[in-house]
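The structure under discussion appears below in the form of structure tokens.
The values are calculated or read from the model by the stated rules, or taken from the named source; none is laboratory data. Predicted model only: the values in this text are computed from it and were never measured. Backbone-built Cβ (ideal geometry, glycine too); neighbour counts: all protein chains shown. Note: areas computed on protein heavy atoms with side chains; ligands, DNA, RNA excluded. Shrake-Rupley method; radii C 1.70, N 1.55, O 1.52, S 1.80 Å.
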Amino acid sequence: QDISYTRSGKFVTMTDRFGMSEIRKLGNNGGEMTIGGVDLNATDRNTMVSYQKDATPLFYDITHKNSNKTRFYGVVTSMQEQHPVGGGVRRYNISMGVTHLIELDSSGNITSDKISIGGNINDRRKYISSS
């Protein structure tokens with residue numbers, strides 16, 4: 001099933017009397033990711049239940065199309081189970097509170113420091129073309 005997460009920071013926008021704005025990044029937000037699973041066997045579901053009950057620290061890798069990876073570290077904070085009537089496929093969703101992440105290239109080499117899900121903080125701003 002789906003995996004979702006949001007990268008966000010803390011920003012302030014200052015506008016002068018001429019209408020010119022400056023956007024500054026003040027900090028980063030922590031975050032949470034949601035991971036959906038299909039209950040094909042009880043072992044996977046029971047493993048996730050034990051991670052949630054015991055607040056086991058874990059990591060989860062997401063592989064991108066270019067084979068780079070983002071590794072999220074955190075704890076399963078909640079788990080939702082769906083048991084459809086009529087013998088449908090059982091599913092579960094977990095919410096994982098993310099403490100930090102690292103980025104790896106396709107060879108497994110670490111390409112970033114431990115950073116929050118919101119990104120890096122730096123004081124220098126430079127403009128980059130988005131096209």
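Would you pick out the residues in region 39-61 that are in contact with a Phe, Trp or Tyr (Cβ under 9 Å, 6 or more places away or on another chain) and either modelled with pLDDT of 85 or more or part of a helix (DSSP H, G or I) (or both)? I'd like the intermediate steps shown before the answer.
Initial filter on region 39-61 (in contact with a Phe, Trp or Tyr (Cβ under 9 Å, 6 or more places away or on another chain)): 39, 44-45, 48-49, 57-61.
Answer for region 39-61, where residues must be in contact with a Phe, Trp or Tyr (Cβ under 9 Å, 6 or more places away or on another chain) and either modelled with pLDDT of 85 or more or part of a helix (DSSP H, G or I) (or both): ASP44, ARG45, MET48, VAL49, PRO57, LEU58, PHE59, TYR60, ASP61.
Within the group ASP54, ASP105, which residue is open to solvent by 50 Å² or more (accessible area, probe 1.4 Å) and either among the β-branched types (Val, Ile, Thr) or free of Cβ contacts under 8 Å to residues at least 40 places away in the same chain (or both)?
On the way: ASP105 fails: open to solvent by 50 Å² or more (accessible area, probe 1.4 Å).
Testing whether each residue is open to solvent by 50 Å² or more (accessible area, probe 1.4 Å) and either among the β-branched types (Val, Ile, Thr) or free of Cβ contacts under 8 Å to residues at least 40 places away in the same chain (or both) leaves just ASP54.
Restricting attention to region 25-46, report how many residues are surrounded by 12 or more Cβ atoms within 10 Å (Cβ to Cβ) and free of Cβ contacts under 8 Å to residues at least 60 places away in the same chain.
Total meeting the criteria: 6.
Inspect region 100-115 for any residue being part of a strand (DSSP E or B), more than 16 Å from ASP2 (Cβ to Cβ) and not aliphatic (A, V, I, L, M) and give the result as yes or no. Steps first, please.
Narrowing region 100-115 to residues part of a strand (DSSP E or B): 100-104, 110, 115.
Among the residues that remain, those that are also more than 16 Å from ASP2 (Cβ to Cβ) are: 100-104, 110, 115.
Applying the additional criterion that residues be not aliphatic (A, V, I, L, M) yields 100, 103.
Yes: region 100-115 contains one or more residues that are part of a strand (DSSP E or B), more than 16 Å from ASP2 (Cβ to Cβ) and not aliphatic (A, V, I, L, M).
Identify all residues within region 65-99 that are in a strand (DSSP E or B) and of a type in the set (Gly, Ala, Ser); write none if there are none. Spell out how you get there, then give the answer.
Taking region 65-99 as the starting set, the residues that turn out to be in a strand (DSSP E or B) are 69-82, 91-99.
Listed by number, the residues that qualify are GLY74, SER78, SER95, GLY97.
Any idea which of ARG7, ARG17 is open to solvent by 90 Å² or more (accessible area, probe 1.4 Å), in a loop (DSSP other than H, G, I, E, B), within 23 Å of VAL98 (Cα to Cα) and basic (Lys, Arg)? Spell out the reasoning first.
Numbers: ARG17 fails: within 23 Å of VAL98 (Cα to Cα).
Within the list ARG7, ARG17, the selection yields ARG7.
Please find, within region 57-102, the residue that is farthest from the chain's Cα centre (by Cα) out of those that are within 17 Å of GLY119 (Cα to Cα) and open to solvent by less than 30 Å² (accessible area, probe 1.4 Å).
If we take residues in region 57-102 being within 17 Å of GLY119 (Cα to Cα) and open to solvent by less than 30 Å² (accessible area, probe 1.4 Å), then ILE102 is farthest from the chain's Cα centre (by Cα).
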